[in-house]
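Right, one structure below, let's go through it.
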Amino acid sequence: MHGKVVLVYPHADLASIPITKTTNIAEELEILAAALTAAREDLRKLRDKLAASLTSGEVAIFDAYTHMLDDNSIGGELVRCIKSGYTAQSSLKLVINKHISSFNVMEDDYLRERATDLKDIGQKLLKHLQQRSKKIIAYPKDSILLGEEVTASVLAEAPTASLRGVVSIHGSKNSHVAILARALGIPVVMGVERVDFRCISGQEAIVDGYNGRIYIQPNEQVKQE
């Protein structure tokens with residue numbers, strides 16, 4: 001597919017969060033509760049947006065994300081971490097990184113990719129914990145999403161009718177964003193090497209999902225092929 005490159009970034013960066021303690025546990029729990037509610041609402045909207053284009057099994061990806069926020073999953077772990085004396089943001093970093101580390105050492109490729117899902121959830125929660133204004137991204141008519149790690153949420157937030165391709169520096173064919181892109185009929189290339197993506201924003205490109213290649217500023221011969 002042919003289009004223009006749109007650089008996408010996570011809403012927030014867990015790596016930049018310092019580990020700090022708190023003396024006001026009640027306030028941190030209140031901040032967490034508000035962030036969990038907002039994140040669940042985000043996921044509901046994304047699910048509803050794509051429901052007509054995906055099967056029930058594919059839409060269930062967002063249900064799985066939502067369940068991760070429950071009290072018997074990550075949501076409960078965050079509460080316990082805050083009660084042990086850490087701030088909400090520090091607790092988020094500690095809990096998410098612990099799970100990411102566990103998934104990263106798994107031998108199964110599919111299970112290893114779940115680390116990306118955890119990171120996606122962590123970034124979505126952090127966005128609300130930091131109460132940042134949502135970054136407005138301008139999507140041209142024919143958009144090719146490109147980033148270091150394009151996630152399922154980033155894909156779902158883009159206007160589906162305008163998408164012509166997805167390119168992620170990290171990730172594999174087993175990632176949820178790859179599964180969703182294929183279900184929507186959007187070419188996807190994961191695990192791209194030797195690409196200085198910072199220099200190609202707005203440039204024309206072709207995504208060849210069959211052969212796992214991208215062409216930046218293709219000439220007329222490549223376009224015809």
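Quick rundown of the values:
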{"quantity": "The range 1-61 - charge dipole about Cα centre, Lys and Arg +1 at Cβ, Asp and Glu -1, debye rounded to 20", "calculated": "280 debye"}
{"quantity": "Peptides ranked, highest mean first, by Cβ atoms within 10 Å: ranges 206-214, 39-47", "calculated": "39-47, 206-214"}
{"quantity": "Highest to lowest packing among 54-61, 143-150, 92-99, 80-87, scored as the average C-beta count within 10 Å", "calculated": "143-150, 92-99, 80-87, 54-61"}
{"quantity": "Dimensionless Rg ratio for the chain, taking C-alpha atoms and the 2.2 N^0.38 Å reference", "calculated": "1.07"}
{"quantity": "Contact order normalised by residue count of the chain, Cα under 8 Å, 6+ apart, percent", "calculated": "28 percent"}
{"quantity": "Kirkwood-type radius of the range 44-89, with distances r between different C-alpha atoms, in Å", "calculated": "12.1 Å"}
{"quantity": "Cβ-placed point charges (K, R +1; D, E -1), dipole of the range 100-214 about Cα centre in debye, nearest 20", "calculated": "440 debye"}
{"quantity": "Fraction of antiparallel bridges per DSSP, the chain only, in percent to nearest 5", "calculated": "40 percent"}
{"quantity": "Residues whose placed amide H lies under 5 Å from that of ARG164, excluding near-sequence neighbours", "calculated": "SER143, ILE144, LEU145"}
{"quantity": "Shape metrics for the range 69-122, restricted to C-alpha atoms - Rg then Dmax, Å", "calculated": "11.7, 36"}
{"quantity": "Entries of LYS124/LYS173; LYS98/LYS124; LYS119/LYS141; LYS119/LYS173; LYS21/LYS49 with Cα pairs more than 27 Å apart", "calculated": "LYS119/LYS141; LYS21/LYS49"}
{"quantity": "For the range 36-96 versus the range 168-183, the gap between their alpha-carbon centres in whole angstrom", "calculated": "20 Å"}
{"quantity": "Approximate shape of the range 110-179 as ellipsoid semi-axes (Cα gyration tensor, √5λ), whole Å, largest first", "calculated": "20, 19, 8"}
{"quantity": "³J(HN,Hα), Karplus 6.51/-1.76/1.60, whole Hz, each residue of the range 141-156, x for Gly, Pro", "calculated": "4, 10, 9, 10, 6, 9, x, 5, 8, 6, 10, 4, 5, 4, 4, 5"}
{"quantity": "Computed over the range 5-128, Cα set: Rg, Dmax in Å", "calculated": "15.1, 47"}
{"quantity": "Size of charge dipole - the chain - debye, nearest 20, with Cβ of Lys, Arg +1 and Asp, Glu -1, no other charges", "calculated": "400 debye"}
{"quantity": "Separation of the ASN104 and ASN24 label points, Cα + 7 Å toward Cβ, nm", "calculated": "3.3 nm"}
{"quantity": "Apportionment of accessible area to carbon and sulfur, the chain, percent (1.4 Å)", "calculated": "50 percent"}
{"quantity": "For the chain, accessible area per residue (1.4 Å probe, heavy atoms of protein chains only), Å²", "calculated": "52 Å²"}
{"quantity": "Scattering profile of the range 152-225 at q = 0.11, 0.27 Å⁻¹ [log10 I(q)/I(0), Debye over alpha-carbon scatterers]", "calculated": "-0.27, -1.44"}
{"quantity": "10 Å-binned pair-distance histogram of the range 100-225 (Cα, whole percent)", "calculated": "12, 40, 35, 11, 2"}
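The values are calculated or read from the model by the stated rules, or taken from the named source; none is laboratory data. The structure presented is a predicted model; accordingly, all values stated were derived computationally and were not measured. Cβ coordinates were reconstructed from backbone atoms using ideal geometry, including for glycine residues, and neighbour counts include every protein chain displayed. Just the protein is used for accessible areas: all its heavy atoms, side chains included, with ligands, DNA and RNA removed. Shrake-Rupley method; radii C 1.70, N 1.55, O 1.52, S 1.80 Å.
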